[in-house]
Amino acid sequence: MGLRDMIRGEFIDLIEWLDDGNSTLAWRFPRYDNEIKNGAQLIVREGQQALFVYRGQLADRYVPGHYTLTSENMPIMSTLQGWKYGFNSPFRSEVYYINTRPMTDFRWGTPQPVTVRDPDFRMVQVRANGTSTVKVTDAEVFLRQVIGTESVVDTEQIVDLLRRNISLAFSDMVLQTGLGAIDLQGRQVELSDKLREFVAQRMQPFGLGVDQVTMIISLPEEIQQAMTRGVARGVEASGFLSNVDLNRYQQAQAADAMLAAAENPSGGGAMGAAMQAGMGVVLGGQMAGAMQGGFAQPQPQQQQPQPGYAPPPLPGQQAFHIELNGQAAGPYPQDQLRQFVASGQLTPQTNVWTTGMAAWAAAQTVPALQPLFAAPPPLPGTPPPLPPQ
């Protein structure tokens, strides 16, 4: 008798699966045309199930334990084989072992961004990625839908199936919740469990269960920058900003508005220059506040300007240096000069100078300042003054 005949003549008397790794989901016991004899030993370890298949038809299933194969503990096989009174001769059957332990760290990600309606930014495209934990929950369904005629099924063979269904489940969840992009990102830990429910519904027809899904939602870079500046609508009204944060938010809005006006070609060169100058004042104040301690503190209400105090002129307003107590002071805008005229510190004979003048000159000789000294016209109905006697 040759070696081949000797192998064929041997009968299987021990069936077991020793799995050294954690990446195999299903494994078919190698039969090599041998037959399983009456009284053979079947060992099913924890985290395993054993399925007997006879001529492509599912027969008996065994949970963890040690079994002696007889007609008494093989009721379905006995029916399929026609063993009315037990069996004595060996029989043929395919034996599949199913790994029912959880498979961890399945990585997934959305291949295409998902469009989300957002109350602040209208239409936003978001992406998501994370990990999941999967295990076989229905061995019979898994055998029919996934294993087929394969002798070995490992995790790599279901990765694409899992990722595709998680991406579809993420789209379904976003649509059902109706949340905007910012709310989705803010509640992504809470929504991970809801996503797991959506994924579990999609994986159930394959005999797979999902124990856990983690999720990280990514927003477009321009949305992240807008959130950092705090320019989204509703930030000020949310009530979560402190006085300092609100001040920064308002300053950022003012800077954005001035920058937009400066870049607007229809506004003219003078307007753009004025806006840029105003923006420089705002940014300069912010930098000064940062150098003095980080956050700009609220300033007390300023008192009326005193002689010698000169606020920066408004954009486009001409400013003059004036002679006060024998010394040059200024420059002062015309609104400040009007106060000096009222207090008597600036008279028509006071020397003044501004950019473009060749030398100091009396205030009354400067056309731009002459209206400061003009007497108001008489009220209607007032008789003219009498001529001198």
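The values are calculated or read from the model by the stated rules, or taken from the named source; none is laboratory data. Note that this is a predicted model, so its numbers are computed, not measured. Positions of Cβ are backbone-derived with ideal geometry, glycine not excepted, and every protein chain shown enters the neighbour counts. Accessible surface areas use protein heavy atoms only, side chains included; no ligands, DNA or RNA. Shrake-Rupley method; radii C 1.70, N 1.55, O 1.52, S 1.80 Å.
In sequence order, segment 201-212 has phi-based couplings of 5, 6, 8, 4, x, 9, x, 10, x, 10, 7, 7 Hz under the Karplus curve 6.51 cos²θ - 1.76 cosθ + 1.60, θ = phi - 60°, and Gly or Pro positions carry x. Measuring nothing but alpha carbons in segment 13-103 and taking Rh as the Kirkwood radius, the Rg to Rh ratio lands at 0.96. Apolar share of the accessible surface for segment 19-82: 45 percent from carbon plus sulfur atoms, 1.4 Å probe. For segment 124-212, the calculated P(r) over all alpha carbon pairs, in 10 Å bins from 0 to the bin holding the longest distance, is 15, 47, 25, 11, 2 percent. Highest average first, the peptides 39-51, 362-374 ordered by how many other beta carbon atoms sit within 10 Å of their residues are 39-51, 362-374. For segment 48-207, the orientation-averaged shadow of the C-alpha convex hull comes to 11.4 nm² (one quarter of the hull surface). Accessible surface calculations at 1.4 Å, restricted to protein heavy atoms, place segment 73-223 at 53 Å² per residue. Using the alpha carbons alone, the radius of gyration of segment 57-126 stands to its Kirkwood radius in an Rg to Rh ratio of 1.47.
Ranked by the mean number of other Cβ atoms within 10 Å of their residues, highest first, the peptides 125-138, 213-226 come out as 125-138, 213-226.
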